[in-house]
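These notes concern the structure reproduced below.
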Amino acid sequence: MRVLSSLPAPSVALSQSNWLVWLAPIFAALALLVYPLTAQAELSEDQQELVEEVESYLNDIDTMEGRFVQVTSTGNYAEGDVALQRPGRMRFEYDKPNPTLLVADGFNLTVYDRELDEATMLPLRQTPLWLLLREDVSFTAEDLEILDVMERDGTIAILMQQADEPGMGKIEIHVSTDPMRLKRWIVTDAQGVETTVSLANIEYGVDFQPRTFDVQNLPGVMAPGMDPRRGR
């Protein structure tokens, strides 16, 4: 197993095979509402209200599960089951023949190959998933820049990037308004590769077994700092 203590900016990593192992199967490309903006947008009162509505909705989510579909601008397609327990925990289990399993356990994002029994761990805070999994979802946090906010056809779209590393790429959240539901999110890297995850059949208030987000029971997985001779 490889443990990565640091990563190159996603704008680079998204084009590399190790990052695409999990980003391409999770985030799918959708050429919709993505703009080449590079500076913090001045939000109107209406836009600020939309941002606050989405923040409140996401912060109210404790647990949810359902199905996801991903498509990328490079032609990749996958489906599977998704489970979320905020803060910090998420699981993407892909339908066969895709062997990928992705598990965020609150500290790391583990990319697991179920055929090879091999895993790669990425610090969760250094992945785009941290935007949704952090304890306090705030799109106006110091480490984020809102590039655009708009509402169209019953969907609120918020486009963001990392404030200190805008070259990492952009992430866009789509939330329906009636009822308010997380529909999809889109990541665009510096090379223009776009990946989206669209959610379906979502249920909230789900009780999960502890093993749902535990990677230590997977063959070949060892957490950083674990002594392989002692198993802990």
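The values are calculated or read from the model by the stated rules, or taken from the named source; none is laboratory data. Just so it is clear, the model here is predicted, and its values are computed rather than measured. With ideal geometry, Cβ positions are generated from the backbone for all residues, glycine too; neighbour counts draw on all protein chains shown.
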query = Quick one: which of Val71, Val103, Val54, Val82 is on the phi < 0 side of the Ramachandran plot, surrounded by 17 or more Cβ atoms within 10 Å (Cβ to Cβ), assigned to a helix (DSSP H, G or I) and in contact (Cβ under 8 Å) with a residue 12 or more places away in the chain?
reply = Val54
Scope region 58-68; condition surrounded by 15 or more Cβ atoms within 10 Å (Cβ to Cβ) and among the acidic types (Asp, Glu); matching residues = Glu65
task = Go through region 144-232 and tell me which strands (runs of 3 or more DSSP E), entirely inside it, have 3 or more residues that are closer than 24 Å to Gly106 by Cα and either of a type in the set (Ser, Thr, Tyr) or at pLDDT 85 or above (or both).
result = 170-177, 180-188, 194-204
inquiry  = Here are the criteria: (1) in a loop (DSSP other than H, G, I, E, B); (2) touching a residue at least 24 places away in the same chain (Cβ under 8 Å); (3) out of contact with any Gly (no Cβ under 8 Å at 6 or more places or on another chain). Tell me which single one Glu135 does not satisfy.
reply    = (3)
